[in-house]
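Input: a single structure, listed below in structure tokens.
What follows is calculated from the coordinates using simple rules that are stated; it is not laboratory data. Not measured: the values here are computed from a predicted model. Every residue, glycine among them, receives a Cβ derived from its backbone with ideal geometry; neighbour counts consider all protein chains shown.
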Amino acid sequence: MEGKRALVCGAGGFIGSHMVRRLRSEGYWVRGVDLKNPEFGLSAANDFVIADLRLRESWEAVLDEDTNEVYQFAADMGGAGYIFTGDHDAHVMHNSAMINLHAADFAVQRKVGKIFYSSSACMYPAYNQEDPQNPKCAEGTAYPAAPDSEYGWEKLFSERLYFAFSRNFGLKVRVARFHNIFGIEGTWRGGREKAPAALCRKVAEQQDGGEIEIWGDGLQTRSFLYIDECIEAVRRLVQSDCPGPVNIGSEEMVTINQMAEMIMKIAGKKLSIKHISGPMGVRGRNSDNKLIRKELGWAPSQSLYDGLSKTYPWIDARLKAYREETKEAVARV
Ligand code: NAD
């Protein structure tokens, strides 16, 4: 592995910053690029560039000839509160599509060895995800296309874009459809956080006997994959001959209410749940791992409870630190 060079796009974000660390631990020389530095500590990259990947000149500057692997995680994204309100649709589509259009083009121009693209389960058709107990998300069920968000449509478009570049220009692509990745060093406040982080924060904010709010009736189902598992699966995919698209997710489907109960148990708090109206996305979604098991022999090794047991204390500590900082700032005024 010595001497391999990788470019990680979106290296200041959640999955990108974990991937940088993993590649470095495997001996890669890594350049990270993002609009921002990682929020929770210094990047492990050999070279970290602040740049806007919607711009051609950024790609000209960051993508060296003969880079072995490009990991394309950069996207304008967030949880349900960001993706499903409709308020950010134009930005989500335009910003992410611009990044991917340049990524595919420059990967060919600079003769990169392989490019990994992070698609999302949000590209699956809404009509297959109406029954919360029986969602269908096998890779072959993508068409007729009917994602429930513009975010999902952009992901589907970009998947097709990379495969078109593969057919016409021989670009070696690897595409995964992530299903709700969570864990430490993920966004936990501010409006872009996803359900596991948002629920951990809400539970951490409350004293025993308090109340938390959940969007909808909490009976919508999802599965969640811990970050380390996601990184392992991506590495296996990139090293394999399988172009994808493959699901990378967990098949442990839970309702949002059940996940809230798990977090309360981890926190040692009994809280009541108040259901309020809010953006929810599809009724049910679960990863279908038949293909990735067959192609890569990969399956998650830990339960949702295990992952939450690592994530909750991390968010609890962040919240306490944040409260201290806010108190000090108020005291200074
Ligand atoms: P994230 O928001 O933490 O990371 C994305 C990063 O891209 C951010 O740091 C952001 O600053 C950067 N970025 C956005 N626009 C940019 C631009 N114009 N130029 C340079 N950088 C830019 O998200 P994440 O959770 O790490 O997700 C990584 C990828 O995986 C995304 O493409 C996302 O759509 C996909 N995905 C994630 C999940 C999940 O559950 N986290 C699920 C499905 C798909």
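Would you kindly state how much longer the chain becomes between N46 and D66 on full extension, computed as 0.36 nm times their sequence separation minus their alpha carbon distance, in nm to one decimal?
5.5 nm
At 0.36 nm per residue, minus the direct Cα-Cα distance, what do Q302 and K270 gain on full extension? Give it in nm, one decimal, please.
Stretched fully, the Q302-K270 segment lengthens by 9.0 nm.
Tell me, in nm to one decimal, what length is gained between T141 and S25 on full extension, where the rule is 0.36 nm per residue of separation less the Cα-Cα distance?
Computed gain between T141 and S25 is 38.1 nm.
Where Lys and Arg each count +1 and Asp and Glu each count -1, what net charge lies around K274 among other residues with Cβ under 9 Å from its Cβ?
Cβ neighbours under 9 Å give a net charge of -2.
Please list, by residue number, everything in the range 15-32 whose backbone N is under 14 Å from a paramagnetic label point 7 Å out along Cα→Cβ of E39.
Label zone hits: 15-18.
Using DSSP H assignments, which helices in the chain have an axial alpha-carbon span of 24 Å or above and a mean Kyte-Doolittle hydropathy of 0.0 or higher?
Span-like helices in the chain: 89-109.
Modelling each spin label as a point 7 Å along the Cα-to-Cβ direction, I'd like the L55/K290 distance in nm, to one decimal.
That separation, rounded to one decimal, is 4.8 nm.
Quick one: net charge around D52, please, counting Lys, Arg +1 and Asp, Glu -1 for every other residue with C-beta under 14 Å from its C-beta.
-1
Mind putting a number on the dipole of the range 108-184 about its Cα centre? Charges go on the C-beta only, +1 for Lys and Arg and -1 for Asp and Glu, and I need it in Debye to the nearest 20.
In debye, rounded to 20, the range 108-184 gives about 720.
Non-local amide H neighbours of E193 (under 5 Å, H modeled in plane, Pro and chain starts lacking H): which ones?
G79
If you plug each phi of the range 139-145 into the Karplus form 6.51 cos²θ - 1.76 cosθ + 1.60 with θ = phi - 60°, what whole-Hz ³J(HN,Hα) values come out, in order, with x for Gly and Pro?
Calculated HN-Hα couplings, in order: 4, x, 9, 5, 10, x, 5 Hz.
Please list, ordered by chain and number, the residues whose modelled amide H lies under 5 Å from the amide H of I248; skip anything fewer than 5 residues away on the same chain.
R177, F178, H179
Where the only charges are on Cβ atoms (+1 Lys, Arg; -1 Asp, Glu), what is the dipole of the chain about its Cα centre, to the nearest 20 debye?
With Lys and Arg at +1 and Asp and Glu at -1, about 380 debye.
Taking GluC sites (Glu not before Pro) as candidate sites, keep only those in a DSSP loop with at most 15 other Cβ atoms within 10 Å, then name the longest stretch of the chain containing none of them.
131-333
Pairs of alpha-carbon atoms within less than 8 angstrom and 6+ residues apart define the contacts here; what relative contact order does the chain have, in percent?
17
Separation of the range 49-96 and the range 286-305 by C-alpha centroid, Å?
When both Cα centres are located, 27 Å separates them.
If I model a spin label as a point 7 Å beyond the Cα along the Cα-Cβ vector, how far apart are those points for N168 and D89 in nm?
2.8
I'd like the Karplus ³J(HN,Hα) series for the range 55-61: coefficients 6.51, -1.76, 1.60, θ = phi - 60°, whole numbers in Hz, and an x wherever there's a Gly or Pro.
9, 4, 5, 5, 4, 4, 7
So the label point goes 7 Å from the Cα of K320 along Cα→C-beta, right? Which residues of the range 267-298 then have their backbone N under 19 Å from it?
The answer is 267-270.
Where Lys and Arg each count +1 and Asp and Glu each count -1, what net charge lies around D217 among other residues with Cβ under 13 Å from its Cβ? Please report the intermediate quantities before stating the final value.
Numbers: positive: K274, R283; negative: E213.
Here the count lands on +1.
From the backbone phi of the range 68-80, what are the Karplus-calculated ³J(HN,Hα) couplings (6.51 cos²θ - 1.76 cosθ + 1.60, θ = phi - 60°) in whole Hz, Gly and Pro given as x?
Coupling constants for the range 68-80: 5, 9, 10, 10, 9, 9, 5, 6, 8, 8, x, x, 4 Hz.
About its Cα centre, what dipole magnitude does the range 1-76 give when the only charges are +1 on Lys and Arg Cβ and -1 on Asp and Glu Cβ, stated in debye to the nearest 20?
Dipole of the range 1-76, to the nearest 20 debye: 260 debye.
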